[in-house]
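No value in this document is a laboratory result; all are computed from the given coordinates. Model, not experiment: these values are computed from the prediction. Ideal geometry is used to build each Cβ from the backbone, glycine not excepted, and the neighbour counts take in all protein chains shown.
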Amino acid sequence: MPSRFDRRKKIVVSIVFLGTAFFYWYYNLQPLVSARTTIGDPQIFIVSRGEGFGVIVNRLKKEKLIRSAGALKLLALVTGKANDLKPGEYELSPNVSSLQILRSLIDGSRREVTVTIPEGSPLKAIDDLLSDNGIIVSGTLALLGTEKKLEGKLFPDTYRFFTDSDATTVLEKILQNFEAQALPLLNRDAKHMETNLILASLIQKEVPDFEEARIVAGIMNKRVAEGVPLQIDATICYIKKKNSPKGISCEPITVLDLKADSPYNTYLHRGWPPGPIGSPGLTALKAALAPKQSPYWYYLSDPVTQKTIFARTLEEHSKNRFKYLNIH
């Protein structure tokens, strides 16, 4: 049977061992480079999405940002934070402790980014813009927008967002802007709000000038009322780009494109498309709400001057197509 002295000896040895182990662990969590002696140069450290915790810590050690990979792994295990590291681009220095580095990787590399959503942008293009700038995960805004049928309501403007933001938070900010700027205009004719939003999205893609846009709005309304197909190329582009990889141009529009089986194909289907084809700006919205009557039924855009060329008859329009677009 062990004596009281032997038990005390074991306790003392255990305390010394644990104290030494703790001191060694604590020492290995300290900055690799002491700020009192040398200022370590900050380094750009990138954490990729889906990269494992062990791989990240081993790279920190390899790139000489921490003293010990094992000490940092134990710290993350003790604190339960091993799965909380966020992807992003970080500026890390060997002058800070492993604890501070761990906190940075947990907090994320969030920074404010300024982005401008161009007028007429469809939901997919806005998702690409935000994900390219590191604000959201690619596809998340497009998914939310599709579920909530928000095409046309992501108001084009300049915004400031934090990188690695939640898509719901980003969407809420954009929709608040839509409600503040676009909704008051659309509420002037609340009964036809959805139709006017669709019309504005078509005008936005077709005509930049306000007065010309009013005439085009009148033409579109007249064609829909008389059961004449709108035959708008921008709707064909919407179909093509919606199902194509990022950066693919919709030009040229082919005969096959005009036969696309889609409710947005305004060459095949009469009436308005089922929804907007992009988010219109204020000028297009105002033009949609103030359509101008005219004797015209057709129009095209001069590719040189960007002016809209109007025609009363199909024969006159055909001549304009040959003159301005060299299309027989």
Within the chain, which is the longest segment that contains none of the GluC sites (Glu not before Pro) sitting in a DSSP loop with at most 16 other Cβ atoms within 10 Å? 64-225
Point-charge dipole on Cβ atoms (K/R +1, D/E -1) for the chain, about Cα centre, debye to 20: 1600
Distance from the stretch 236-290 to the stretch 76-105 (C-alpha centre basis), Å: 47
What trypsin sites (Lys or Arg not before Pro) does the stretch 172-266 have in DSSP loop regions with at most 15 other beta carbons within 10 Å? LYS246
Give me the Kirkwood hydrodynamic radius of the stretch 152-298 in Å, from all C-alpha pairs, to one decimal place? 16.3
Considering all projection directions equally, how large on average is the shadow of the alpha-carbon convex hull of the chain, in square nanometres? 27.4
If you fit an axis through the alpha-carbon atoms of helix 69-79 and take the longest principal axis of the Cα set of the chain, what angle between them do you get, 0 to 90°, nearest 10? 80
Rounded to whole Å, sorted largest first: equivalent-ellipsoid semi-axes of the stretch 195-240, Cα gyration tensor: 16, 15, 9
List, in the order given, every pair from LYS191/LYS241; LYS191/LYS323; LYS173/LYS246; LYS191/LYS240; LYS191/LYS222; LYS81/LYS153 whose Cα-Cα distance in the structure shown is over 29 Å. LYS191/LYS241; LYS191/LYS323; LYS191/LYS240; LYS81/LYS153
Share of Cα-Cα pairs in the stretch 91-132 beyond 17 Å, in percent? 54
Cα-Cα pairs in the stretch 119-218 separated by more than 17 Å, as a whole percent of all pairs, come to 55
Find the all-direction average of the projected area of the Cα convex hull for the stretch 163-230, expressing the result in square nanometres with one decimal place. 6.5
I'd like to know which of LEU285, GLY247, LEU183 lies farthest towards the positive end of the charge dipole of the chain, counting +1 on Cβ of Lys and Arg and -1 on Cβ of Asp and Glu. GLY247
